[in-house]
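Worksheet for the structure shown next.
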Amino acid sequence: MDDNKKVRVRFAPSPTGYVHIGSLRTALYCYLFAKKTGGDFILKIEDTDQKRYVEGSVESLIKSLNWLGLNWNEGVFLDEMIFEKSNGIKSKTYPAVLEVGDFGPYVQSEKLEIYKKYVDQLVKDGHAYYCFCEPERLEKMRNDLIAEKKAPMYDRYCLHNVSEENINKNLKDNCRYTIRMKIPQGEIIEAKDLVRGKVKFNTNLIDDQILLKSDGFPTYHLANMIDDHEMGITHVIRGEEWLPSLPKHILLYRYFGWQAPEFAHLPLLLNSDKTKLSKRQGDVAVEDYIKKGYLKEAIINFVALLGWNPGSGETQEIFSLSDLVQKFELKKVHKAGAVFDLKKLDWINAEYIKKLSIDELYEKALPFFKQKEFFIQANKEKQAPEFLKKVLTVELDRLSKLSDAGENNQFFFADDLSYEKKLLRWKEMNNADLKKILEKSKEILENISAENWSKENLEKILMEAAGDRRGELLWPLRASLTGVQKSPSPFEVAWVLGKPESLKRIKKAIDLLD
RNA sequence: GGCCUCAUCGUCUAGCGGCUAGGACAUCAGGUUCUCAUCCUGGAAACAGGGGUCCGAUUCCCCUUGAGGCUACCA
């Protein structure tokens, strides 16, 4: 192909309800490749299967992709996303969707006539033929062949046994029909794949693929090749599950007399048992991960590394989107599938959370707080931004997901702590000493003014008071403040709680010891 | 069953004929101002097997094995 031609890459999801994480990875690589090469990134909608269409999913899909920051410059958009793009046309099929670009429509269901025109040409040229076979017959034939342990292929009944005359008669009678692709016999189709190199296929083993379904909709194979050609797509980047149908696509380009684009088949994303990543074994929707409190930067960073890395001895693990654009290369994409490992995602997410400012973290975490019972039950002061920001300051290094916010430190939000007396005891310390040491802590804190009530001051003063025997002072204090075994330091907790609340909690602990 | 693809620590991976096979996550052990987290240090952990080619294979070729994908009027 012409090396100087501007790169045009498309991402073509089906509106089946959500964005699959594997689909996101494909979209990401498409985006990275387009940006890296200064090309166009196009979003089109593949809705030729009416049975699988889920209401509203085109809109939510666009929203998710947009939220992730994978900006495309052509194709389908939502009304609210359109600012400078003046030539947008309202989609006929999806009211909230606008189609922008010179190569539309970008929604397959709006192109039925175009597909029909092309497939008629194929029939005329003898590369495709009408098939009037009943689904029942096909089904039976398939089952019989499978039972005989043979490849379940169409027997070409309609190619050989239906005369021109009969075809015309059937069409006149409005018989249901499909149009099948006529695969040549005894040919080896060779193709180049950008990640796998040379691949070969024997046409004798390829079924006469249905191109036009009896409902008048094209199958993927027909629609996609036509779209890609009409849209001037230069590189087709898609999942490995498409590799077996590559020869059909190559043949179609040949039948139409078009130059085929470059192909790159990406390795699959896998469940931990190495099967294709599926819903049954956990969350596969990007939306699920968003809901769980993963940051878009983390999701993108993580997914990018599943099947690609810059290599050459680099030890970098954290990549921003622009880092990725800069370093991405199709040649470095792996051939083998990659297991989707949540542990690493958690780690990457924690890394990104640590980079957030408290204000940013607050903005992002607030919606998650609002879903928590402990937050809803808390008093107004503890629902206030200032208080939450203090909590988040302490939790910054402890969060792996936004949804974890407050979760492990619910004592911050409680009005009254309930715990067993023995929690206060440091080692073998007796009640009297315990009481004495808590009184001492109380006294120290009472002497710190509200203005001086800072993390640093609290730490300095309490550490001084504790001397060498830190646990003796700090453990009972922390226990009285939190009521739990594990928590942030007493300085941090006291700082968050504020003076009155801290003193109240210590008093309560002292009373408990009587 | 047929066809296609793939194969380095548990996981993500570096490696592109000569390396003590490197890093990250997870894990384990220790350290840092009580517990936790962060952070730091250290440990354990891999070239699926068999043939070639070569002075020399993790690396190139073949076979076996294993894994996955596809085999729809789904994409």
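Just so you know, all these numbers are worked out from the coordinates, no wet-lab data involved. As the structure is a prediction and not an experimental result, all values here were calculated from the model. As a convention, Cβ positions derive from the backbone with ideal geometry for all residues, glycine included, and neighbour counts pool all protein chains shown.
At-a-glance table
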quantity: Reachable aspartates and glutamates from A:Lys35, criterion Cα separation under 12 angstrom, eight or more residues apart if same chain; calculated: A:Asp323, A:Glu329
quantity: Rounded to whole Hz, the Karplus (6.51, -1.76, 1.60) HN-Hα couplings of segment A:391-403, x for glycine and proline; calculated: 4, 5, 4, 6, 8, 2, 7, 10, 9, 10, 9, 4, 5
quantity: Residue-wise HN-Hα coupling along segment A:189-206, computed from phi with Karplus coefficients 6.51, -1.76, 1.60 (Hz; x: Gly, Pro); calculated: 9, 10, 9, 9, 10, 5, 9, 9, x, 6, 10, 10, 9, 8, 5, 4, 9, 9
quantity: Built amide H within the under 5 Å cut-off of A:Gly307, gap 5+; calculated: none
quantity: Extended-chain gain in nm, criterion 0.36 nm per residue less alpha-carbon gap, A:Asp323 and A:Asn161; calculated: 52.3 nm
quantity: Segment A:421-512: radius of gyration and largest Cα-Cα distance (Dmax), Å; calculated: 11.8, 36
quantity: Chain A: Cα Rg divided by the 2.2 N^0.38 Å rule of thumb; calculated: 1.35
quantity: Estimated distance in nm for a label pair at A:Glu351 and A:Glu420, the labels positioned 7 Å out from Cα along Cα-to-Cβ; calculated: 4.2
quantity: Two-site label geometry, A:Thr203 and A:Leu145: point separation in nm, points 7 Å out along Cα→Cβ; calculated: 1.8
quantity: Extension gain, A:Lys335 back to A:Lys389 (0.36 nm per residue minus Cα-Cα distance, nm); calculated: 14.9 nm
quantity: Ranked list, fewest to most other Cβ atoms within 10 Å of each Cβ, for A:His265, A:His160; calculated: A:His160, A:His265
quantity: Residue-averaged 222 nm ellipticity for chain A, from DSSP H runs of 4+ at -39500 (n - 2.57), nearest 500; calculated: -13000 deg cm²/dmol
quantity: For a label point 7 Å along the Cα-to-beta-carbon line of A:Glu459, residues of segment A:478-514 with backbone N under 15 Å; calculated: A:488-496
quantity: Cleavage-rule hits (trypsin sites (Lys or Arg not before Pro)) in segment A:457-514: DSSP loop, at most 15 neighbouring Cβ within 10 angstrom; calculated: A:Arg469, A:Lys486
quantity: Loop trypsin sites (Lys or Arg not before Pro), segment A:94-189, which have at most 10 other Cβ atoms in a 10 Å radius of their Cβ (DSSP); calculated: A:Lys149, A:Lys150
quantity: Share, in percent, of DSSP beta bridges within chain A that are antiparallel, nearest 5; calculated: 60
quantity: Charge dipole (debye, nearest 20) of chain A; +1 at Cβ of Lys and Arg, -1 at Cβ of Asp and Glu; calculated: 860
quantity: Coil-residue GluC sites (Glu not before Pro) of segment A:314-353, DSSP, other Cβ within 10 Å capped at 15; calculated: A:Glu314, A:Glu317, A:Glu329
quantity: Efficiency of FRET between A:Thr315 and A:Glu407 - r from beta-carbon atoms, R0 35 angstrom, step 0.05; calculated: 0.60
